Amino acid sequence: MKKTNLKAACLGGALVVLFLIGWESYLRQSGFICSYNDDESLWAATRRNIYQATPAGPVIVGTSRAKFDIDLQTWEGITGKAPVQLAIVGTTPRPVLQDLASDPNFKGTLILDVMEPLFFQPNGSFAEVSATKRLAYYPKWSLSQQASFVINRQLEDHLLFLDEEKFSVNALIKRLPIASRPGVFVFPVFPLNLEYGLPNRQTSFTDSFLTDTAAQAEVKGVWARMGLTSTKRGVGGDTLTNIIRSVAKSVDQIRARGGQVVFVRFPSSGEVWNAEQQAYPRELYWERLLKETGVTGIHFADYPELSRYKCPEWSHLSPADAKSFTKDLTRIIETKTKWSLQNAVSQNIP
Amino acid sequence: MVFNSYTFVLFFAVLLALHNMPFSWKTKKINLLGASYLFYALWNPPFILLLWLSTIVDFYMAKLISITEDKTRRRMWLAVSLVLNLGMLSYFKYGGFLLENFTMLMNSLGIAFEAAKPDIILPVGISFYTFVTLSYTIDVYKRKFAPESSFLDFALFVTYFPHLVAGPIVRPEDLIPQFKQPKKATGQQFMWGIFLLTLGLFLKVVIADGWLSETSDLIFGLPFPVNPLDAWSAVLAFSGQIFCDFSGYSTCAIGVSLCLGFKLPENFRYPYAAVGFSDFWRRWHITLSTWLRDYLYIPLGGNRAGRFQTYINLMITMLLGGLWHGASWNFVIWGGLHGLFLCIERLIKRNPKKAGVAATEAEEVVLQATVIPVRRNNISVLLRVLLTFFLLNVTWVFFRSPDFGTAIRMLLCMFGVITQGPKMLTTPDMLKVAIVTVGLLVCHWNMRERSVKGLFQSMPWWLFGTLWGIMLILIVLTQKSTGSFIYFQF
């Protein structure tokens, strides 16, 4: 029995080692690059840094557009301080805004990404519930989970197959070509070579995606299936009024403690931009939001230097464009808000 | 700390190294105790004070009980232990629930009463370690054994990390004697312990978290009715999830403990092959059901106080057993349904002829239709297993639903009263549920009278090793590394 167990354990262990070496080699041979899981732990680890936020190193709250379009390294190169990236893919930023507003210790600067189809999602929607779930994790993030996060980070530095969103068993099963019953909404899958994430929560397109027009067309198809090319008018009436009121309340709470907020409307192009203009007319949503909250807003369409980009898949900037976009954005923020961002690290501007 | 985390891997490696170094036995026990406190404190350090309080009070109360001959004083010392343990449990687990129901009662009587919602965090494992320490003082009071003289051994018995947060609920006689002599796992025990840890993690990480949780979480979280097929898929998903989650934890706990040289009691014995509810409770969360039997059902009179009183005792035991799982009326209903089915089963057993007729009529159909290996002479057993499984799924609806309204809506969908709900689940999600459900039933049916150890011992080593390797690969690839266990909330 003893020998049998030992032999079985050796065989089992050998199979695991051989399989993982083979799997990791195969993924590397296929051109994939290391990407960090943008999970609850990474978000929670980033959330801890909000208390040092200044205009030079603000907190960014929003959607995937903020994650792709603001190049954190470029920003840090200009201001001397890295922003705290708290944007969450596919969610409305309002729950995170409320969370920061109700944190009495947060007195910093906030850049809020206003992507209308997600920003104006009503309470109880998928986009709102997803953000709320992510927020709920932070206060319960135990010491044990924090330690696991640190260990996991060391492994993720070296092992490509640990990318949960792309290579976990569940992610692979979701890619199987199995048809579902008519009427079932099947969440679309993105191409495997779409993007990669960094430990600072920066997300960027891969080089392979930028040259792969078929993959770009595939993502455009995903946006269409998810309703981003729909011209159907967004929420209105009391729902819209309540959404704007809740945002205004959160902004006021932050300002009352000496914090500052600026809204940014990031670029989109093609059919997505066309649809967004019709579904969320600027005067009914963006202008009203600015007026009722009293917050300074920067809309990409108002600035030639911000609107000269073409998003490869209609919704996010390429890494190269994100760099020049970030450079221009910091200059425009500085001009419009009168905050001093250039080398502001030592000034600790309130 | 959870077993399915990198922190635990590191923690366990260091502990194993310390446990196998040439230290004195006392030093090793101190290491184990310190490690157990660390294991607990890495979740929420302040709550370790509750654990210390419970340990110190019960150790000294048991001593006082044993040296006192005066009955009143003995009862008083026992009461101190009971009040402290049950008081802590009531405050942390049931404080909010009691206040909420008191407010509702006042309002229904026309008395305007509004209480602030209490912000109470439930200390992980409080239901488990409370029962562990209670059984100790009660047994000392009953003079079942003398109180433990070593505070170190007693503290280690209460706090020993493999069982601390989600069982098995150990009795003093299970564990304390094992601390008396130096213990180190033999090579065979160590290998088997690692295998059990792998098996437990496979059940938890791959099956419960990876394959089933999304389906049940999605459907039970919806505020509207769904298609009957989706409702059934969600309930079956939860049925598999809770078994794999909880038995996975117990298997990990037993395996981890075995690697250190200590044996923990068995907690699950293929419960979905149970023939009836009394058999189910002999197979599901065995250490809880025996605890409830020994410290609640039997003291209430058990089945010795007349037929009617037996039914009452059964119902009380199961209702309180339900409430032990959580502060919600849904858990009470879940316990009540189990109590009801136990009573009905008892009634049927008193009149076996009627039960036999229905079974034989269905035997022929099952013999031709079943996918489960079955012989003619055990078809009726299989039928009763399937009926039990069906009824268990009905009870799981109350266990999983966030509120009573959701439970009723799910049942209406399942039984075709509401048929117009949308289809929510994709085919791969439903396939996963179907594969796990059939797999669990076939596995439990075949393993009813066998053990995991027996099964794997009878395999050729290469098959055993290959299965072991596949489980490990799937654990690594599933990557759900930090999901909490369902029973932590109880």
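The values are calculated or read from the model by the stated rules, or taken from the named source; none is laboratory data. Small disclaimer: the values here were computed from a predicted structure and weren't measured. Here the Cβ positions follow ideal geometry from the backbone for every residue, glycine too, while neighbour counts run over all protein chains shown. These area figures cover heavy atoms from the full protein model, side chains too; ligands, DNA and RNA do not enter into them. Shrake-Rupley method; radii C 1.70, N 1.55, O 1.52, S 1.80 Å.
Cα centroid separation, region B:386-448 to region B:190-233: 12 Å. Contact order for chain B, expressed relative to its length and based on alpha carbon pairs under 8 Å spaced 6+ residues apart, stands at 20 percent. Multiplying the residue separation of residue B:16 and residue B:69 by 0.36 nm and subtracting their alpha-carbon distance yields 14.7 nm. Placing pseudo-labels 7 Å out from each Cα toward the beta carbon at residue B:112 and residue A:26 gives an inter-label distance of 7.0 nm. Cα centroid separation, region B:50-124 to region B:140-163: 21 Å. For region A:176-196 and region A:270-343, what is the separation of their C-alpha centers, rounded to whole Å? Comparing the Cα centres of region A:176-196 and region A:270-343, I get a distance of 30 Å. Expressed to the nearest 5 percent, the antiparallel share of DSSP beta bridges inside chain A is 20 percent. Between 0 and 90 degrees, the angle of helix A:213-225 with respect to the longest Cα principal axis of chain A falls at about 70 degrees. One quarter of the convex hull surface built on the alpha carbon atoms of the protein assembly as shown amounts to 41.2 nm², the projected area averaged over directions.
For region B:190-489, the number of Lys pairs separated by eight or more positions or lying on different chains, with C-alpha atoms closer than 29 Å, is 12. Placing a label point 7 Å from the Cα of residue A:224 along the Cα-to-Cβ line, the residues of region A:258-276 whose backbone N sits under 17 Å from it are A:269-276. Listed by chain and number, the lysines whose C-alpha is less than 17 Å from the C-alpha of residue B:144, apart from same-chain residues fewer than 8 away, are B:63, B:71. Normalised Debye scattering of region A:1-147 at q = 0.17 Å⁻¹ gives log10 I(q)/I(0) of -0.99, counting only Cα atoms as equal scatterers and leaving out solvent. Determine the shape class of region B:190-489: with a ≥ b ≥ c the square roots of the Cα gyration tensor eigenvalues, call it rounded for a/c under 1.5, and otherwise prolate if a/b is greater than b/c, oblate otherwise. Verdict is rounded for region B:190-489. Straight-line reach from residue A:232: taking Cα to Cα under 13 Å and skipping same-chain neighbours fewer than 8 places apart, the aspartates and glutamates in range are A:116, A:276. To the nearest 10 degrees, how steep is helix A:2-29 against the longest Cα principal axis of chain A, on a 0 to 90 scale? Once rounded, one gets 50 degrees. Applying the criteria of a DSSP loop state and at most 16 other Cβ atoms within 10 Å to the chymotrypsin sites (Phe, Trp or Tyr not before Pro) of region A:29-126 yields no site. In sequence order, region A:278-290 has phi-based couplings of 7, 6, 10, x, 4, 5, 7, 10, 4, 5, 5, 4, 5 Hz under the Karplus curve 6.51 cos²θ - 1.76 cosθ + 1.60, θ = phi - 60°, and Gly or Pro positions carry x. In summary, chain A shows an alpha-carbon radius of gyration equal to 1.07 times the 2.2 N^0.38 Å reference for compact globular proteins.
Need the list of lysines near residue A:67 for cross-linking: C-alpha distance under 23 angstrom, and skip anything on the same chain fewer than eight residues off. Qualifying lysines at Cα under 23 Å: A:81, A:107, A:133, A:166, A:220, A:310, A:323, A:327, A:336. Ordered by 1.4 Å accessible area with all protein chains kept, A:34, B:443, B:252 run largest first as B:443, A:34, B:252. Relative contact order for region B:93-162: 24 percent, from Cα pairs under 8 Å spaced at least 6 residues apart, divided by residue count.
Accessible area ranking (1.4 Å probe, heavy atoms, ligands and nucleic acids excluded), largest first, for B:48, B:470: B:470, B:48. Seen through its C-alpha gyration tensor, with square-root eigenvalues sorted a ≥ b ≥ c, region B:21-183 comes out oblate because a/c lies at 1.5 or above while a/b is not bigger than b/c. Short-range pairs are left out: with C-alpha atoms under 8 Å and at least six residues apart, the relative contact order of region B:21-183 is 33 percent.
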